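The values are calculated or read from the model by the stated rules, or taken from the named source; none is laboratory data. Model, not experiment: these values are computed from the prediction. Please note: Cβ atoms are built from the backbone with ideal geometry, for glycine as well, and neighbour counts cover all protein chains shown.
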Amino acid sequence: MKRTRNAGVAALGVTIAALLIAANASAEDGAIDRGRAVLEAAGGCTCHSDGKGGGGPLSGGRAMKTPFGVFYSTNITPDPETGIGRWSDADFVRAMREGLAPDGHAYFPVFPYTSFTGMSDADVRALKSYLFTLAPVRRENRPHDAWPPFSWRIAAAAWRWMFFEPGRVEPDPAQSPEWNRGAYLVTAVAHCGECHTPRSLPGALDRSRWLAGSKDGPEGDLAPNLTPDVDTGIGLWTKTDMIWFLQTGQLPDGDDTEGLMAEVIEHGYGHVPEPDLQAIAVYLHALPAVRNDALAEHDHDHAHDPDAAE
């Protein structure tokens, strides 16, 4: 009888262990799937892929033009030597949330940690889980081509101290769940403000003109006004127009977007579930309309620039 009881206990232990392993595997698969969805909502992190210079997806090297010089994106594949393969969960969370590298140095704010700080714990950790399933690519990070003092790490630390405000995006109880979902996606995950908001002379976002467009896009191009201003923004767009644009890259007038935004849609937003795109449209259409005549002037000057087509 005792032997039979022991055998039963052992069998029960094996069953429980098997169930725990299966549950852990299922949880890990869920985190990976969630991480892929986060990556897509972040535009595929396309800035970390250099389509012109090769090297493989997310292996860095893309030139990001700023008024302070050219900064090159980093390798975020799980390569242990040149990427993030040796990063712990804490390293990854600190980089995303606080703009600090594993060795403690401050990242230049061309890396949008100023937006990613608003992401939820679950989304940040899921993103890391997904990135670590990708094939590692050995590719050394390229030194930035910026002017002193903007190329100095101490300047990045000083900028962070003066302008960075950490904190999660909190739901607004006065708004609908759909609006709050759109606000979270636009503000934190998709980090739209980093390109589409004008900046001050030191390079900080001018939040009084949130999403009103910028002449200094990430590749030296124009980032359009995303507020519902009728003349210079998306005031004449319907929510359906916005969803269709984020799915296909096609503008309401039938033209197609180009450049980095086309890649962001191809590798990111085009795969986002439609309810999330609807939430984004709801949030954008509820923003205060901000007129940005500087964008119209930029278009006029560009149209008369003999070198514009080169």
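Residue-by-condition table, conditions (1) out of contact with any helix residue (DSSP H, G or I) (no Cβ under 8 Å at 6 or more places or on another chain); (2) more than 26 Å from Val169 (Cα to Cα):
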residue: Pro198; (1), (2): no, no
residue: Leu205; (1), (2): no, no
residue: Ser208; (1), (2): yes, no
residue: Ala212; (1), (2): no, no
residue: Gln250; (1), (2): no, yes
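Can you tell me which of Gly56, Gly51, Gly61 is at pLDDT below 95, in a loop (DSSP other than H, G, I, E, B), in the same structural domain as Val93 (by TED's automatic domain parsing) and in contact with a helix residue (DSSP H, G or I) (Cβ under 8 Å, 6 or more places away or on another chain)? Exactly one residue qualifies, and that residue is Gly51.
If I ask for residues that are within 12 Å of Val282 (Cβ to Cβ), within 22 Å of the chain's Cα centre (by Cα) and surrounded by fewer than 18 Cβ atoms within 10 Å (Cβ to Cβ), which ones from the range 168-185 would you list? Within the range 168-185, Pro177, Glu178, Trp179 meet the criteria. Specify the residue that is modelled with the highest pLDDT; the eligible residues are those in the range 210-242 that are outside any loop (DSSP other than H, G, I, E, B) and buried (at least 18 other Cβ atoms within 10 Å of the Cβ). Out of the qualifying residues, it is Met242.
Here is a yes/no grid of residues against (1) outside the structural domain of Ile76 (by TED's automatic domain parsing); (2) closer than 19 Å to Gly203 by Cα:
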position	(1), (2)
Leu100	no, yes
Pro109	no, yes
Ser115	no, yes
Ser129	no, no
Ser151	no, yes
Ala156	no, yes
Trp159	no, yes
Trp179	yes, no
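For the range 131-159, a residue qualifies if it is at pLDDT 95 or above, more than 20 Å from the chain's Cα centre (by Cα) and aromatic (Phe, Trp, Tyr), and exactly one does: Trp159. Among the residues making up the range 119-130, those that are surrounded by fewer than 21 Cβ atoms within 10 Å (Cβ to Cβ) and either part of a loop (DSSP other than H, G, I, E, B) or free of Cβ contacts under 8 Å to residues at least 40 places away in the same chain (or both) are Ser120, Asp121. For the criterion of being surrounded by 18 or more Cβ atoms within 10 Å (Cβ to Cβ) and outside the structural domain of Leu58 (by TED's automatic domain parsing), Glu263 passes.
Say whether the condition of being closer than 23 Å to Glu40 by Cα and in a helix (DSSP H, G or I) is met by at least one residue in the range 197-206. Looking for residues that are closer than 23 Å to Glu40 by Cα and in a helix (DSSP H, G or I), one finds none in the range 197-206, hence no. The numbered conditions (1) assigned to a loop (DSSP other than H, G, I, E, B); (2) touching a residue at least 12 places away in the same chain (Cβ under 8 Å) are all true for Ala174 except (2).
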